[in-house]
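Working notes, beginning with the structure itself.
Rule-based calculations on the coordinates, nothing more; no lab input. It should be emphasised that the depicted structure is a prediction, and the values quoted were computed from it without experimental measurement. Note that each Cβ is placed from the backbone with ideal geometry, even for glycine, and that neighbours are counted across all protein chains shown.
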Amino acid sequence: MCVNKSRIVEIAKDLIKYKSLTGTEKDIGEYVSGFFESIGVEYGIYEKEKGRPNIIASLGHGEKTITFNGHLDVVPIADESIWETDPFSAELKGNRLFGRGAFDMKGSCAVMMHIAEILAKEKLNGNLQIQLVSDEEKGAEFGTRHIIELIKKGKIKKPDCVIIGEGSDLKIRNGERGILVFDVKFKGRAAHTAKARSDAINAIVLASKAVLAIDREIDKFHPEIGSPVISVNMISGGKVKNQVPGECVITVDRRTIPGETKETVLAEIGQQIDRVLGKESYEILNTLYGPA
């Protein structure tokens, strides 16, 4: 059996039609499991949390193992009105497939599944492992990180080589940025709007000063990965229209490069905020970290 582009598109369409937002991967996981079942490929399902499946298919036997890793979850649709197609209908126009996750990364997952289809009856001199996981978009705690934990415990075979099919403009890359997501809570003093200039400290104003201090280009560079990236992606503050907010929370997504750690980055963020606010006016909470 040779590589069949039409078959890859067919599988990709099936995957895209599942609205597998992070945290809702159960149904697409059942489809993937059924796929491997139908072609006679051995597979296992590994869940750190029920309904968050990681499917690992295994072909061949031998000392060395090559692993393909892809994620089945996708991010939400920011504004469906600007889409020319239904994001979850998977429409082919010319040589392009349109749908949420077509690029990131259900197209690549479809290729991996088709490879399994091709090699299902072959006698491989080695082991091919295909990992299709949950939770990549929110830090991988229930996905690839869980698999790594199981590898360390000896419950899953450690691969000799891992190939990840994320979009890379067809360039081979041997690393990726790390992730550090955290909240910053700003503490002001609530009061009626009539007292805004006398008794109140507006927490949203404090947050806005901090956002301007930290949301900027970062003067660092790594030859394989490029520069770090930071973005303030969420903000929440205020309870009623006629009250100065006493609390405001922002959520920051900072992508790191090799050489940076959780501690060094948070120290930098703290220094930047300290230049415009006092230390007592904020605290950093709820950190989620994965190194580059």
| task | Give a quick list of trypsin sites (Lys or Arg not before Pro) in region 1-89 that DSSP marks as loop, anything other than H, G, I, E or B, with at most 11 other Cβ atoms within 10 Å. | result | Lys50
| message | Suppose R0 equals 35 Å. What FRET efficiency, 1/(1 + (r/R0)^6) with r the Cβ-Cβ distance, do Glu263 and Ile235 give to the nearest 0.05? | response | 0.90
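Test of understanding: ordering Val3, Val162 by Cβ neighbours within 10 Å, fewest first, what list do you get?
Values: Val3 11, Val162 14.
Fewest-to-most ranking of Val3, Val162: Val3, Val162.
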| C-alpha center-to-center spacing [region 67-123, region 197-224] in angstrom | 36
| said: Helix 5-16 against the longest principal axis of the chain: what's the angle in degrees, Cα atoms only, rounded to the nearest 10? | reply: 40
| note | Final fewest-first order of Ser33, Ser134 on the 10 Å Cβ neighbour count is Ser33, Ser134
| task | Determine the alpha carbon to alpha carbon distance for each of Lys93/Lys121; Lys239/Lys262; Lys185/Lys209 and list only those over 23 Å. | result | Lys93/Lys121; Lys239/Lys262
| task | Could you point to the residue in Ser231, Ser38, Asn95 farthest towards the positive end of the chain's charge dipole, with +1 and -1 charges on the Cβ of Lys/Arg and Asp/Glu respectively? | result | Ser231
| said: Bin width 10 Å, origin at 0, all Cα-Cα pairs of region 5-164: what percent of pairs per bin? | reply: 11, 41, 34, 12, 2, 0
| query | How about region 217-288: which trypsin sites (Lys or Arg not before Pro) there are in a DSSP loop, with at most 16 other Cβ atoms within 10 Å of their Cβ? | reply | Lys220, Lys239, Lys241, Arg275
| query | Which value in nm describes the separation of the simple spin-label points at Arg275 and Asp199, placed 7 Å from the Cα toward the beta carbon? | reply | 3.6
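Mind ranking 182-189, 282-289 by how tightly packed they are, going by the mean number of other C-beta atoms within 10 angstrom, highest first?
Values: 182-189: 19.0, 282-289: 14.4.
The densest-packed peptide leads the list: 182-189, 282-289.
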| query | Counting only Cα, what are the radius of gyration and maximum Cα-Cα distance Dmax of region 18-92, in Å? | reply | 15.5, 51
| note | From the Cα centre of region 256-292 to that of region 24-44, the distance in Å is 40
| task | Count the net charge of all other residues whose Cβ sits under 11 Å from the Cβ of Ala12, scoring Lys and Arg as +1 and Asp and Glu as -1. | result | +3
| Cut-off 19 Å (backbone N to label point 7 Å along Cα→Cβ of His61), residues of region 89-126 | 119-126
| remark: For the chain, averaging the sequence separation of alpha carbon pairs under 8 Å that lie six or more residues apart and dividing by its residue count, the contact order in percent is 19
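Computed from the mean reciprocal separation of all distinct C-alpha pairs, what Kirkwood hydrodynamic radius does region 178-290 have, in Å? Could you put the intermediate results ahead of the total?
Working: mean 1/r = 0.0671 Å⁻¹.
By the Kirkwood definition, the hydrodynamic radius is 14.9 Å.
Could you give the alpha-carbon Rg of the chain over 2.2 N^0.38 Å, rounded to two decimals? Intermediate results must be reported in sequence, preceding the final value.
Values: Rg = 23.0 Å, N = 292, 2.2 N^0.38 = 19.0 Å.
Normalised Rg, Cα atoms only: 1.21.
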| said: Quick check: pseudo-label points 7 Å beyond the Cα along Cα→Cβ at Ile172 and Thr251, how many nm apart are they? | reply: 3.7
| task | Please check which bits of region 45-80 a label hung off Cys161 would reach, taking the label as a point 7 Å along Cα-to-C-beta and the cut-off as backbone N under 14 Å. | result | 63-69
